[in-house]
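Below is one structure, written out as structure tokens; the observations come after it.
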Amino acid sequence: MGVGNVGEAGGMALHTKMLLGFAAGAVAGGLAFSFGQVVDVDGVQQTLPWLAATLQWVTQPVGSIFLNLLFMLVLPLVFSALVLGVVEIGDPKALGRIGGKTLAFILVVTGIAVTIGLVAVNLFQPGVGIDPAVAQKLIAESSSQAAGIVQSGEAASPMQVLLSIVPRNPLAAGVENNLIGVMFFALLFGIGAATVKTEGVRTFVGTIQGVYDITLKLINAVIRLAPYAVAALIFNLIAVKGFAALLPLAKFVAVAIGALAVHMFVVFPLLLWFIGRMNPIEFFKKAEPVILTAFSTSSSSATLPTTLRVAEEVLGTPKRIGRFVCTLGATANMNGTALFEGVVVLFLAQFFGIELSFAQQVLVLLMCILGGIGAAGVPGGSLPVIASILVMFGIPPEGIALILGVDRFIDMCRTAVNVTGDLVGTVVVSRGEPPDPVHDEAAKPA
Ligand code: ASP
């Protein structure tokens, strides 16, 4: 496979184009914010008509269409990738081994991530000493949004999440975007297809292979738009909010981003080097399109098509393992999200002056590991989970309003960590596994 050619669009490598798009969007967004947003006499931010029109007619539609195209491909992709992944792993023993390794990876590495977050908050105490007037203002600004999150947090209790894994109606699970439910159904379907050896099943698997190949072909086409879409998405974000929103909570943002960076740039490279036997620098180069897509969409689910494409065509690991780990990982393996959940819970406990004992913090750790599995891979998917964990520890869940203003920026970073974790998981789980059988020619690059 011509790995070197993969991702080349119009002469320039895709990841280079995406990086350029990202930089162009950020610079243009910064300029637009400086010249297109003014503060009126009452201190309210006003968007000048030219910027409002650009956002409404150009950059927001471009971003939304790109996101819709990606989300459109997620359901057929999740179903076909998992069924094929399981069928290709085939033998129940191998499935048990790979499934076991994947689960162990998720639990252990998510545990490490949350621990890093909890240690960072204990060390740097970002929740102590916030100016009460500033806090009051921030909470008031986001209180209605927070009320909605608290309400959906009630529906996201750990027991509800557990129950939603086994859907009563797989189609309804798909319609409601309950990807974990769809995955469970696809896993069972794959196990069934791997164990029944009839002509009908062979035809079914051939059809599913067809669905997968078509979806991957479409992804290759959609991803060519990524550089422009990334520019538009980043522009939208910066041109509307600027960076001023980050200032009042600078310490919280620094602790969250710092902890995420430690996980991304220390823990992942160590895992890649010592367990996966892959050069981390090479890995990050290959993962660049995935990281940039996650960064600009803030959604692991929307990034899944890119993640799978990189796992299949660029990473050099067995395809069947990439399909299995990345598809499950898009909602179940969220290192960055779990870390962030821990950081917010402790931060708000500090803010409200609620002392959490060591034992309680261990419980927070466990809840956040579950929370990383249960959170949806969409922007802000972890917020309802955080609300439900806050309630468990007697911390006012409305306090989440305090961090909503800075959430989107941290969401970009934690989503990048989440999807990178799926690729790291693929490399680690692949270690010691035989390569794909030669007949596995599925989804050749176009
Ligand atoms: N946006 C995250 C993701 O899709 C979920 C979250 O942490 O809110 O991975």
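The values are calculated or read from the model by the stated rules, or taken from the named source; none is laboratory data. Quick caveat, the model's predicted, so the values are computed rather than measured. Ideal geometry is used to build each Cβ from the backbone, glycine not excepted, and the neighbour counts take in all protein chains shown.
A few remarks follow.
- Among the residues of the stretch 299-319, those that are out of contact with any Pro (no Cβ under 8 Å at 6 or more places or on another chain) and within 13 Å of the ligand (Cβ to nearest atom) comprise 300, 301, 302, 303, 304, 307.
- Restricting attention to the stretch 250-282, the residues that are buried (at least 21 other Cβ atoms within 10 Å of the Cβ) and aromatic (Phe, Trp, Tyr) add up to 2.
- Some residue of the stretch 352-373 being among the small types (Gly, Ala, Ser) and within 16 Å of the ligand (Cβ to nearest atom): yes
- Residues of the stretch 187-225 satisfying the condition of being crowded, with 17+ Cβ neighbours inside 10 Å and of a type outside the set (A, V, I, L, M, F, W, C): 190, 209, 212, 215, 220
- Every pair of residues 6+ apart whose Cβ atoms lie under 7 Å, when the first sits in the stretch 338-350 and is free of Cβ contacts under 8 Å to residues at least 40 places away in the same chain while the second is near the ligand (Cβ under 9 Å from one of its atoms): none
- Residues located in the stretch 362-391, provided they are among the polar types (S, T, N, Q), within 23 Å of residue 297 (Cβ to Cβ) and part of a helix (DSSP H, G or I): none
- So residue 317, is it under 21 Å from residue 411 (Cα atoms) and either polar (S, T, N, Q) or at pLDDT below 95 (or both): no
- Any hit, the stretch 190-211, residues being closer than 27 Å to residue 381 by Cα and either assigned to a helix (DSSP H, G or I) or hydrophobic (A, V, I, L, M, F, W, C) (or both): no
- Summed over the stretch 320-340, residues that are over 11 Å from residue 304 (Cβ atoms) and either within 16 Å of the ligand (Cβ to nearest atom) or surrounded by fewer than 24 Cβ atoms within 10 Å (Cβ to Cβ) (or both) total 10.
Per-residue answers, yes or no, for (1) on the phi < 0 side of the Ramachandran plot; (2) touching a Gly at 6+ places or on another chain (Cβ under 6 Å):
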residue: 277; (1), (2): no, no
residue: 284; (1), (2): yes, no
residue: 291; (1), (2): yes, no
residue: 306; (1), (2): yes, no
residue: 309; (1), (2): yes, no
residue: 321; (1), (2): yes, no
residue: 330; (1), (2): yes, yes
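- Residue 290 vs. criteria surrounded by fewer than 23 Cβ atoms within 10 Å (Cβ to Cβ) and either away from the ligand (no atom under 16 Å from the Cβ) or touching a residue at least 60 places away in the same chain (Cβ under 8 Å) (or both): no
- Residue list for the stretch 230-249, restricted to those being surrounded by fewer than 18 Cβ atoms within 10 Å (Cβ to Cβ) and more than 21 Å from residue 25 (Cβ to Cβ): 247
- Put simply, of 153, 111, 148 the only residue that is surrounded by fewer than 18 Cβ atoms within 10 Å (Cβ to Cβ), more than 25 Å from residue 250 (Cβ to Cβ) and in contact (Cβ under 8 Å) with a residue 60 or more places away in the chain is 111.
- Residue 187 being in contact (Cβ under 8 Å) with a residue 60 or more places away in the chain, touching a helix residue (DSSP H, G or I) at 6+ places or on another chain (Cβ under 9 Å) and of a type in the set (A, V, I, L, M, F, W, C): yes
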